[in-house]
Amino acid sequence: MDGGNLEFFIPTPKFLETIRVGPTLSKELDGASGVLGLHDMRIIQQQEHGRISAYAFPLHELVDVMRQARDTAGKLCYIDAKINYGKVDLSEAYSIQTYVKQDTLENIKGLDSFLGTFGFGLDCGEACIVSYEGKEKLVAIYTPPILAYYSSEGFKCSLDNVRKMILENRKIVLDGVKGPHTIDLVDRLSKAEDIIKNEGKYVPIIKDGTHRAYAKYLIKSPLNAIVISSQGETATNIPTLFSDVIVSVKRPSEYSEQYLGYNDSGFVKLKKIGIDS
């Protein structure tokens, strides 16, 4: 498959060269062209009308895959982490992003309905492997949103980056659904400093699945998530209150607009281990 038109695609040989997989994922990858994002798989299925099925991804196998995730410096950040399913009160957690996209929010019900066909769903709180058979066989890994506890000491670089933006009179304007929205960097910095101080040693942040988390935040419902603690990933940005997340008509063009105080020195990109749900 030509992955050039996909948001995310890893050919199976390349994936198996870099990631150790358990028996469940190994079985589904047999004969598959590669691993791709669930969003891309659903688009391909709508075009080709192939067959989709989904199977439970045992937690111990998922955890083993996640322990192989590396940050930009090559460090295995989750090798000794505690990784489990858990229920998250979003009034006590923070967003990694400054924004959520309006169309992605609107598509969440469709994703939930799609997964529900196979006995899974956003409230199920469990990972699954989705297999597609059309012109080619393809595999996607769906995981619940991921909450990670970041060491408070690791926010120093991101806080300094925001302070620098303020001194430079940097303007960040997002395309909100109600028009241009200028982020008040002084206000965001002050809130982040208070959050880090009040949380103490660790700060809980939704690392992956911001849109699903935000949808739950709006209805004041707890979130079923994967919870990572005792881990070594450095914070990529300052924490953001979910009440300050901006509903946007498009994704901001720069990382510094998506993640305030963006610092990629310790960033773990889950796509490299096949997770893009």
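The values are calculated or read from the model by the stated rules, or taken from the named source; none is laboratory data. Predicted, not measured: the structure shown is a model, and the values here were computed from it. Glycine also receives a Cβ, built like all others from the backbone with ideal geometry; neighbour counts cover every protein chain displayed. The area values use the complete protein model at the heavy-atom level, side chains included, leaving out ligands, DNA and RNA. Shrake-Rupley method; radii C 1.70, N 1.55, O 1.52, S 1.80 Å.
Values computed for the structure shown
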| item | result |
| --- | --- |
| Built amide H within the under 5 Å cut-off of Ile246, gap 5+ | Tyr99, Val100 |
| More than 22 Å apart - percent of Cα-Cα pairs taken over region 1-111 | 52 percent |
| Rg(Cα) / (2.2 N^0.38 Å) computed for the chain, rounded to two decimals | 1.01 |
| Residue among Gln231, Gln46, Gln102 with the largest mean-square fluctuation in a Gaussian network model of the chain, springs linking Cα atoms under 10 Å | Gln46 |
| Exceeding the 21 Å Cα-Cα cut-off - candidates Lys109/Lys250; Lys207/Lys271; Lys101/Lys137 | Lys101/Lys137 |
| His60 accessible area, 1.4 Å probe, all protein chains in place, Å² to nearest 10 | 130 Å² |
| For Asp40, net neighbour charge (Lys/Arg +1, Asp/Glu -1) across residues whose Cβ lies under 10 Å away | -1 |
| Accessible area (Å², 1.4 Å probe, nearest 10) - Arg251 | 140 Å² |
| Mean accessible surface per residue for the chain, computed with a 1.4 Å probe while every protein chain stays in place, in Å² | 48 Å² |
| Solvent-free Debye scattering, log10 I(q)/I(0), computed from the Cα coordinates of region 132-277 at q = 0.09 Å⁻¹ | -0.32 |
| Candidates Gly134, Gly209, Gly261: whichever shows maximal mean-square fluctuation once the chain is modelled as a Gaussian network with Cα springs under 10 Å | Gly134 |
| Among Leu59, Leu167, Leu260: highest mean-square fluctuation, GNM of the chain, C-alpha pairs under 10 Å | Leu167 |
| Residue order for Lys191, Lys269, Lys109, Lys82 - accessible surface, 1.4 angstrom probe, largest first | Lys109, Lys82, Lys269, Lys191 |
| Rg ratio (alpha-carbon, reference 2.2 N^0.38 Å) - region 88-193 | 1.48 |
| Percent of alpha-carbon pairs separated by more than 12 Å within region 196-250 | 73 percent |
| Percent carbon-and-sulfur accessible area, the chain, ignoring ligands, DNA and RNA, probe 1.4 Å | 48 percent |
| Considering only the chain, percent of DSSP beta bridges that pair antiparallel, nearest 5 | 75 percent |
